[in-house]
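Enquirer: For reference, the structure I am asking about is given below.
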Amino acid sequence: MPEPCIGMDIIRYGDGDISFSKMSDLAYIIRNYRLEDLNKLLQFVAEVETLGEACICATPQDLLESLGLPNHSPEDNLFIAERAGKIIGYLDVMPELNIGRAVLSCLVHPEHHRSDLPESLIERALNHAKELKLNVGHVNIPQENRRAKRLFSKLGFSFVRRFLELRLDLSKAHLPKFSKTTFQLRRLRKGEEEKLTQIQNRSFVDTWSYSPNTSEDIIYRLGLPHCSVQDIILAFEVDKPIGYCWTKINPGEDKANSEGRIYMLGVDPDHRGKGVGMHVLVAGLSLLKGKGIRIVQLTVDSANKAARALYSTVGFEVWKSSLWYEKALANPL
Ligand SMILES: CC(C)(COP(=O)(O)OP(=O)(O)OC[C@H]1O[C@@H](n2cnc3c(N)ncnc32)[C@H](O)[C@@H]1OP(=O)(O)O)[C@@H](O)C(=O)NCCC(=O)NCCS
């Protein structure tokens with residue numbers, strides 16, 4: 001492996017695998033992720049999390065789950081910044097080939113925020129996304145992270161969407177009572193993963209930046225710890241799924257600290273406006289309540305009027321937000 005060079009700009013080597021910083025005393029390398037990095041990477045994310053940074057990265061658990069996704073190859077798409085054998089940053093490029101976008105998530109240790117490392121990692125990620133022939137790069141930035149907003153704006157990204165985190169205290173929720181309906185509700189069963197894939201892709205067909213899932217993705221997500229087919233409510237008309245609500249629990253130290261999540265919820269476009277969304281939502285919330293959950297969270301696009309009205313009817317309130325920034329990749333950096 002070549003040694004870091006003193007006083008030089010970032011250098012690319014033949015296979016594009018390694019680059020160095022310019023200052024000898026702060027030399028770092030950026031290289032592709034290797035399987036043996038996993039524990040160190042998760043520790044790094046957990047350590048920086050304790051410093052209270054509003055980061056544009058996943059939690060250790062989310063990162064672990066995304067690294068295992070069937071269509072993600074971290075050895076090709078995740079870049080590690082390392083200094084003296086210690087991880088000091090990473091950038092993950094999640095390629096969504098079917099919609100031509102790359103979703104970036106990154107984390108740099110606060111000690112290196114003022115160095116050229118954040119910019120070098122982003123530059124590296126964008127070049128990789130271009131090599132994959134993706135058209136657009138997206139990054140989700142917490143509302144309060146001014147440094148990240150400034151940096152991505154400087155690199156040609158611009159604001160495109162605001163996403164809201166909503167919260168509901170189930171002990172104060174206004175859950176409506178229903179009369180008879182033309183559809184039936186029941187939980188998903190093992191072996192019905194394809195049905196869930198179809199209703200999910202159909203429900204989100206017109207949704208901004210939605211990348212259709214494969215059954216493989218869905219099976220992987222259902223197999224993660226604390227997930228099960230039993231967490232999903234389906235609405236059926238005869239034997240056709242027309243809507244669904246996928247609930248999750250983020251376990252805390254004990255039941256009182258565990259939080260529920262409406263992870264995904266959608267209705268077939270041909271069956272909207274007939275109460276299906278409200279029915280599956282209330283069934284999902286009741287399922288969580290029955291498991292002892294009090295606080296439920298979800299993420300919604302602020303421009304999604306139908307979903308926002310649905311959630312506010314039962315009492316969800318905004319508690320924080322994040323901003324999506326995008327950059328078209330056709331132009332050179
Ligand atoms: C959001 C969505 C689930 C609503 O499903 P739905 O079955 O049409 O909703 P319902 O008929 O049960 O309506 C329940 C409430 O939602 C709100 N709502 C639903 N559609 C609406 C619309 N087009 N405009 C404004 N409010 C709307 C209303 O408050 C409505 O109550 P009301 O009928 O008493 O006025 C559906 O539009 C959808 O699947 N969208 C795409 C996927 C999505 O965005 N999911 C949410 C991701 S966070």
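Just so it is clear, none of the values below were taken in a lab; they were calculated from the coordinates. For clarity, every value in this text was computed on a predicted model and none was experimentally measured. Note that each Cβ is placed from the backbone with ideal geometry, even for glycine, and that neighbours are counted across all protein chains shown.
Enquirer: Label 7 Å along Cα→Cβ of Lys240; region 172-213 residues with amide nitrogen under 14 Å?
Expert: Those under the cut-off are 183-184, 199, 202-203.
Enquirer: Let me ask you something else. Using a ≥ b ≥ c from the Cα gyration tensor of region 188-333 (square roots of the eigenvalues), is it rounded, prolate or oblate, where a/c under 1.5 gives rounded and otherwise the larger of a/b and b/c decides, a/b for prolate? Kindly include the intermediate steps, with their values, before the conclusion.
Expert: Values: a/c = 1.32, a/b = 1.15, b/c = 1.15.
Judged from the Cα gyration tensor, region 188-333 comes out rounded (a/c under 1.5).
Enquirer: If the only charges are +1 at each Lys and Arg Cβ and -1 at each Asp and Glu Cβ, what is the size of the charge dipole of the chain around the Cα centre, to the nearest 20 debye?
Expert: On the way: 43 positive and 42 negative charges, 314 e Å.
Approximately 1500 debye in magnitude.
Enquirer: Still on this structure: For the chain, what is the percent of antiparallel DSSP beta bridges, rounded to the nearest 5? Working shown, then result.
Expert: Details: 62 of 68 bridges.
Of the beta bridges lying entirely in the chain, close to 90 percent run antiparallel.
Enquirer: For a Förster distance of 56 Å, can you work out the FRET efficiency between the beta-carbons of Gln43 and Asn201, rounded to the nearest 0.05? Intermediate values should be presented prior to the final figure.
Expert: Numbers: r = 36 Å, r/R0 = 0.65.
That gives a FRET efficiency of 0.95.
Enquirer: If you count the DSSP beta bridges with both ends in region 240-333, what percent of them are antiparallel, to the nearest 5? Don't skip to the end; give the middle numbers.
Expert: Working: 8 of 10 bridges.
Of those bridges, close to 80 percent are antiparallel.
Enquirer: Quick check: pseudo-label points 7 Å beyond the Cα along Cα→Cβ at Glu144 and Thr214, how many nm apart are they?
Expert: Placing both labels 7 Å along Cα→Cβ, they lie 4.0 nm apart.
Enquirer: Ala256 versus Asp270, label points 7 Å from Cα toward the beta carbon: distance in nm?
Expert: The two pseudo-label positions are separated by 5.0 nm.
Enquirer: If you place +1 on the Cβ of every Lys and Arg, -1 on the Cβ of every Asp and Glu, and leave all else neutral, what size is the dipole of region 174-314 about its Cα centre, to the nearest 20 Debye? Write out the running numbers ahead of the final one.
Expert: Numbers: 20 positive and 15 negative charges, 124 e Å.
The calculation lands at about 600 debye.
Enquirer: So, one more: How many percent of all Cα-Cα pairs in the chain sit more than 25 Å apart?
Expert: Values: 31038 of 55278 pairs.
Result for the distance tail: 56 percent.
Enquirer: If a helix is a whole DSSP H run, which ones in the chain reach 20 Å or further along their own axis (Cα) and hold a mean Kyte-Doolittle hydropathy of at least 0.0?
Expert: Details: long enough: 117-131 (21 Å, -0.57); 276-290 (21 Å, 1.49).
What comes out of the filter, once short or polar helices are dropped, is 276-290.
Enquirer: Report the calculated FRET efficiency for Arg31 and Lys180 (r = Cβ-Cβ distance, R0 = 56 Å), to the nearest 0.05. Each step should come with its number before you reach the end.
Expert: On the way: r = 61 Å, r/R0 = 1.10.
Computed FRET efficiency for Arg31 and Lys180 comes out at 0.35.
Enquirer: Taking 32 Å as the cut-off for C-alpha to C-alpha distance, list the pairs among Lys240/Lys327; Lys172/Lys274; Lys177/Lys255 that go past it.
Expert: Working: Lys240/Lys327 39 Å; Lys172/Lys274 25 Å; Lys177/Lys255 27 Å.
Checking Cα-Cα distances, Lys240/Lys327 exceed 32 Å.
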